[in-house]
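Please read the structure below before turning to the comments.
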Amino acid sequence: MVAYVLRRLLISIGVFFVATFMMYLLVANAGDPLEDLYGITDPGDRAARIASRTEIMQLNTPVVERYFDWLGGLLSFLWGQGTLGVNRTGQAIEPLLGLALGSTLRLVVLATVLAIVTGVAVGIVSALRQYTSFDYTITFFSFVFFSLPIFWAAVLLKQFGAIAFNDWLGDPVVPLPVMVVLAVLGGLLAVSLVGGRTWARRGASFAGGAVVVLGVLLVLSQTDFLARPTLGPAGVSVLGLAAAVGITALVSGLANRRVLIASLAGAVVGIIVYVSTVGVLGDPTWPFLIGLFVLTLVLAGGVGFGVGGIDRGRAARAAVLSAAVVAALSFVDWLMFAWPAYVSSSLGRPIATIGSNTPNFTGTLWETTLDSLTHLVLPSVTLVLISFAQYTRYTRSSMLETMNQDYVRTARSKGLTERTVIMRHAFRNALIPVTTLVALDFAAIVGGAVITERIFGWRGMGSLFIEGIYTVDPPPVMAFFVVAAAAVLLLNIVADLVYAYLDPRIRLS
Amino acid sequence: MITSRRTTAALAFLAGGALVLSGCSADRGGEGGTGASSSAGTTSATITAAHEQEFNSYNNNTADQNAVQNVVVLNNVLGGFWDFGPDGGVLDESEFGTVEKTSDDPLTIRYTFADDAVWSDGEPIDCDDFMLTWAANSGKFTSTETDAEGNPLSGFSSAGTTGYEDMNAPQCAAGDKEVELSYATPFADWAGMFGAGSILPAHKVAQGAGVEDLIGALTSNNSEQVNQLAQFYNTGFIGTPGTVDTDNWLSSGPYKIDSWQAGQSITLVANDQYWGTPAKASSIVIRFIDATAQAQALANGEIQVARPQPAQDILSQLQAIGDSVKIDQGDEYTFEHLDFNFEGAFADADLRRAFALCVPRQQIVDNLIKPVNADATVLNSRYKLSFQEGYDQVVGASYQGQYDQPDIAAAKQILDSKGAAGTPVRIGYQSPNQRRTDATALIKASCDQAGFDVQDAGQQDFFGGGLANGNFDVALFAWSGSPLVSGQASTYVTGGGNNNGKYSNPQVDELTTQLLAQTDVAAQDTTIGQIESVLWSDLATIPLFTFPGLQANSTNVTGPSFQPAQSQQTWNDDTWTVAQQ
């Protein structure tokens, strides 16, 4: 394996040199770096400005020589003296690159994780309900999202998701026609998900879905839930216990009482922690919150292990998962509690269209978190829409392929429950090809989301790249390129290694 | 059975316990600590403006840092003896100090700093600051380094030495509030020197350079110390995104730089040491936002003042917001023009006249400019732009409206009588540039009827190659204007640095020399009128239009208004106020 990695790295280095050389030449020839200076009316001033920029950008040096200067600076990082050069105003690139990378990661990591989770989940369900109306609907929408021009989608999202939504928040009443349409859609979704062989059953599914949607909308519309949202201890407890039951159903099936008890006990541990810390979490610090979270999980795991009997491992896992869900619910509850204050501090317009945060915003941890989230929501939705399609399609086909394998038929014919067949035998194996996609996607996010960043006012890797191109300034573009290229090369190798580890049939040679 | 019953009991206990526990809800801690009231208070006194580029240097006077994104921030942070007024003209800043011409021969000006003028660290603004501005822009202080030919390089980097290079060393001693300044040669734009942003805290430069006596080092031209001063002046004020150099970035205006979040925004707060009329809003935030995102940010209340690059779709987005936004359309200090190449076919005055007669100037303005600036007009002067004081006087004295509308028949007649039908006209411009491509197409459609053969000669390196080498018949590009006359002068004189078309007329040369020495600002317009008159009859160039500008602000804020100078929207941010919410 070491030999394999070394060989891949060596090939990569060759590719790297060729690629950077071409990139440098292309950027250096992308236009006239002095263009903005020619319009200066005073000839003396113009000459001074041109001379100064020529000196900074080394424009009198042949471009190939400039490339090797740059490469020398880059390679010097090997003995700790490297430099990425300066941009055309003489600012050093390294701090700019650091800031850009940080900003991009903040923006894109959440979106990518969300896209993976939702995409994989929907893809699995879509495969299990192959050729149902749900499957067709998902297929339709994932192709629609995939083909959306991102700048257009982003502008529409801002118009409806931020501007119109904020206007609506001023008087949050859902109009009756909208309510009816949404209820019908909810009913149709329920029919396609639950299915049913007879018309009576389908009718029941439809009615159930429609009533649930209608009920939620009525509650939102009639109470001031959106203005003062809350779960409260009761909400956290009920949802947490329900989640514990659901987790048990997935992990072991409800028939396994030991696991069910462990899972519920995990939820109870979470609830106890939530209730007992209500007095001290007004403005916590992140280390404190994380510590509390870990402590809760450890406690829940211990309790689960204790009550788990012969099925200890699974019981502990279910308990930890349940406690984690309760912790997440408590977190949401705290954010909801801080919501009214945040809305009033944003003058009633919480959802933002630009930037990573409100300038100079100060507040409790909950309020600053809300501030980040209200700024993240639209760009994240934009990014999720794009990558959602490939995850669902990829997962769906991978799952379908797995479900048709002989070993799945064998498992079924052994008499295993459908849950065991799907969760243990099919699902895990279906995820193996998806890991490759995840690795490559993570490599791509380091390169930033050029258009999304620009539209939503995040100065990340994308703007480093695009501003460098516009100003015909190679060093920022090359800094971007080096990081993005290195990420792609490395994560490609990682993807291969992970694949080989997960699928023993594959050997690296 | 027993197990099953026990299980059920345990489940019931757990579930019940959880509900009981959750019932005894304790008080939420830190409820009073929420930032609602405090942040709401700050927000209401904060006005947010958008700009496309991120700030990069507190010293905007050096050749490599000079850029609009710094002006946006430094307006009303760094003061000066004058600033651009509402109409883009020179406006004296009497709160900062007074300027008085005491003699015409030699031209001598007395600058007096306000008695209580201090930097935001309490240090008085006086002689040493003045000396530094002069020294840095005079070009007289050379570096110990030399260029490839062995000539010494200029020590201080300066984006513009015009005027400063003609001055004698200012006469003042450390701590003086009054400075006598004389010119070695008369200089028409003396009123445009030592403006806002040009005067930097000299005591900080001295401290940063490790020089005890800045005035002494400059007057004795101590090359080692001058080198250190220049080094710090050139590089010491360059910003690292996210870090405000509170020690050195002092303020001499109503606002001071308070904080900077890299890639996002920079925040100004009222300068408590400012001696003049204080800023009205306690804080101004400048967010770095792409032009295309500004309209929606304005609609969503995230910014209150926007100045995007004008484009039709951005304008319609702004108009769609409705009554809550005030839109200002105006002209910017840049004008588009056609330059003839006097070393080609257009050396012939008749051909120039024929071409001028067929260029559809009004149509170019109607089709390309009016969509973003409904009030746009054809420009009829090269020295003055239509919003400037004196424009009507200059145009009245020089131009009779003969080229307002194309006269194809007359143009055709000239071409036919000269036997010049089919003369190729290569219109050169820097491409890609959609507006210039469109303008060239309009000219072609009109002038081809008259018998010219207009060719679109847009080149990617037009400025670098085509223009200087005379590789064009007609050049289409823009000059940036200014209220000062000295910048324009070299465009039309024989052998001038901007005279790309090699136009030459001794009468213009003589009048220009006269203008540059004319220290009485009011009399300059008459001379300009005479120059323009010759330029029109010679058809040295054809002015087309001024660039459109676009600004919009939320009606929650009063004060912002469009100004044509390159000071951008924050030029008067010290007078912005928030209306009652």
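FYI, it's all coordinate maths here, none of it is from the lab. Every value quoted in this text rests on a predicted model; they were computed, and no experiment measured them. No Cβ is skipped: glycine too gets one built from the backbone with ideal geometry, and neighbour counts run over all protein chains shown.
From the phi angles alone, apply the Karplus equation (6.51, -1.76, 1.60; θ = phi - 60°) to segment A:489-504 and give each ³J(HN,Hα) in whole Hz, x where the residue is Gly or Pro.
4, 5, 5, 4, 5, 4, 4, 4, 5, 4, 4, 5, 6, 6, 10, x
List the residues whose amide H sits under 5 Å from the amide H of B:Trp576, counting only those 5 or more places along or on another chain, with H placed 1.01 Å from N in the peptide plane.
B:Lys280, B:Ala281
To the nearest Å, what is the center-to-center distance of segment A:234-289 and segment A:144-165, using C-alpha atoms only?
36 Å
Give the Kirkwood hydrodynamic radius (Å, one decimal) of segment B:183-227, defined as one over the mean of 1/r across all pairs of different Cα atoms.
Numbers: mean 1/r = 0.0796 Å⁻¹.
Computed over Cα pairs of segment B:183-227, the Kirkwood hydrodynamic radius comes out at 12.6 Å.
Order A:143-151, A:93-101 from most to least packed using the mean count of other Cβ atoms within 10 Å. The partial results should precede the final answer.
Values: A:143-151: 13.3, A:93-101: 19.2.
Descending packing order for the listed peptides: A:93-101, A:143-151.
How large is the convex hull of the C-alpha atoms of segment A:426-509 per residue, in Å³?
Values: hull volume 8.0 nm³, N = 84.
Each residue corresponds to 95 Å³ of Cα convex hull volume.
Of A:Met403, A:Met22, B:Met193, how do they rank once you tally other Cβ atoms within 10 Å and put the fewest first?
On the way: A:Met403 20, A:Met22 11, B:Met193 25.
Least crowded to most crowded, the residues run A:Met22, A:Met403, B:Met193.
Give the lysines reachable from B:Lys204 as a straight Cα distance under 24 Å; neighbours fewer than 8 places away on the same chain don't count.
Straight-line reach from B:Lys204, under 24 Å: B:Lys140, B:Lys177, B:Lys256.
At q = 0.06, 0.11 Å⁻¹, what log₁₀ I(q)/I(0) does chain B have when each alpha carbon counts as one equal point scatterer in the Debye sum?
Values, matching the q order: -0.39, -1.13.
Within 10 Å of each Cβ of B:52-61, how many other protein chain Cβ atoms are there on average?
Partner-chain Cβ atoms within 10 Å, mean over residues of B:52-61: 1.
Lysine pairs in segment B:362-488 with alpha-carbon atoms under 22 Å apart, 8 or more places apart or on different chains: how many are there?
Working: B:Lys370/B:Lys384; B:Lys370/B:Lys444; B:Lys412/B:Lys444; B:Lys418/B:Lys444.
Counting lysine pairs in segment B:362-488 gives 4.
In 5 Å bins starting at 0, how do the alpha-carbon pair distances of segment B:469-554 split up by percent?
Result, from short to long distances: 3, 12, 22, 24, 17, 11, 5, 4, 2, 1, 0 percent.
Quantify how much of the Cα-Cα distance distribution of the protein assembly as shown extends past 55 Å, in percent. Present the calculation step by step, with values, prior to reporting the outcome.
On the way: 179605 of 593505 pairs.
The calculated P(r) of the protein assembly as shown puts 30 percent of pairs beyond 55 Å.
Kindly give Rg over Rh for segment B:204-339, based on alpha-carbon atoms, with the Kirkwood expression for the hydrodynamic radius. Working shown, then result.
On the way: Rg = 21.1 Å, Rh = 18.9 Å.
When Rh is taken as the Kirkwood radius, the ratio is 1.12.
Helix-derived [θ] at 222 nm for chain B: sum -39500 (n - 2.57) over DSSP H runs of at least 4, divide by residue count, nearest 500? The partial results should precede the final answer.
Numbers: 17 runs with 179 residues, N = 581.
Helix contribution divided over all residues of chain B: -9000 deg cm²/dmol.
What is the Cα coordinate range of segment B:387-478 on the first, second and third principal axes, sorted by size from largest, in whole angstrom?
Principal extents (largest minus smallest coordinate, Cα): 39, 38, 23 Å.
Taking the Cα atoms of chain A alone, what are Rg (to one decimal) and Dmax (as a whole number) in Å?
Calculated on Cα positions, Rg and Dmax stand at 27.4, 89 Å.
Taking the convex hull of the Cα atoms, report for segment A:369-509 its projected area averaged over all directions, in nm².
For the Cα atoms of segment A:369-509, the hull's average projected area reads 12.1 nm².
Quick one: what are the phi-derived ³J(HN,Hα) couplings along segment A:344-355, Karplus 6.51/-1.76/1.60 with θ = phi - 60°, whole Hz, x for glycine and proline?
3J(HN,Hα) across segment A:344-355, in whole Hz: 5, 6, 8, 6, x, 10, x, 7, 9, 9, 9, x.
Whole angstrom only: what separates the Cα centroid of segment A:356-385 from the Cα centroid of segment B:310-335?
29 Å
Just from the alpha-carbon atoms, what are the Rg and Dmax of segment A:1-61 in angstroms?
My reading of the Cα-based Rg and Dmax gives 19.9, 65 Å.
Over all Cα pairs of segment B:149-256, how is the pair count split among 10 Å bins, expressed in % and running from 0 up to the last occupied bin?
It works out to 11, 37, 39, 11, 1, in whole percents.
Using a 10 Å cut-off on Cβ atoms, rank the peptides A:312-322, B:529-539 from the highest mean neighbour count down.
A:312-322, B:529-539
For a quick check: with amide H placed at 1.01 Å from N, whose amide H comes under 5 Å from B:Asp328's, ignoring anything fewer than 5 positions away on the same chain?
Under 5 Å from the amide H of B:Asp328 lie the amide H atoms of B:Gln551, B:Ala552, B:Asn553, each far enough along the sequence or on another chain.
Can you show me the helix-derived [θ] at 222 nm for chain A, built from DSSP H runs with n ≥ 4 at -39,500 (n - 2.57) apiece and divided by the number of residues, rounded to the nearest 500. Mind dumping the intermediate values first?
On the way: 19 runs with 369 residues, N = 509.
Theoretical 222 nm ellipticity from helices: -25000 deg cm²/dmol.
How do B:Asp453, B:Asp574, B:Asp407 line up, fewest other C-beta atoms within 10 Å first? All intermediate terms of the calculation are to be shown ahead of the outcome.
Numbers: B:Asp453 13, B:Asp574 24, B:Asp407 16.
With the sparsest Cβ surroundings first, the list reads B:Asp453, B:Asp407, B:Asp574.
So what's the convex hull volume per residue for the Cα atoms of segment A:23-124, in Å³? All intermediate terms of the calculation are to be shown ahead of the outcome.
Numbers: hull volume 18.2 nm³, N = 102.
It is 178 Å³ per residue.
Taking Cα atoms, how many degrees apart are the long axis of helix B:2-23 and the longest axis of chain B, rounded to 10 and kept between 0 and 90?
Here the helix axis deviates by roughly 60 degrees.
State the Cα centre-to-centre distance between segment B:362-441 and segment A:452-476 in whole Å.
A separation of 37 Å, based on Cα centres.
Based on a Kirkwood Rh over C-alpha pairs, give the Stokes-Einstein translational diffusion coefficient of segment A:386-467 at 37 °C and viscosity 0.692 mPa s in µm²/s. Don't skip to the answer; put the middle values down first.
Working: Rh = 15.2 Å.
It comes out at roughly 216 µm²/s.
Given H placed on each backbone N at 1.01 Å, which residues far from B:Val557 in sequence or on other chains put an amide H within less than 5 Å of it?
When sequence neighbours closer than 5 places are left aside, the close amide H contacts are B:Ala579.
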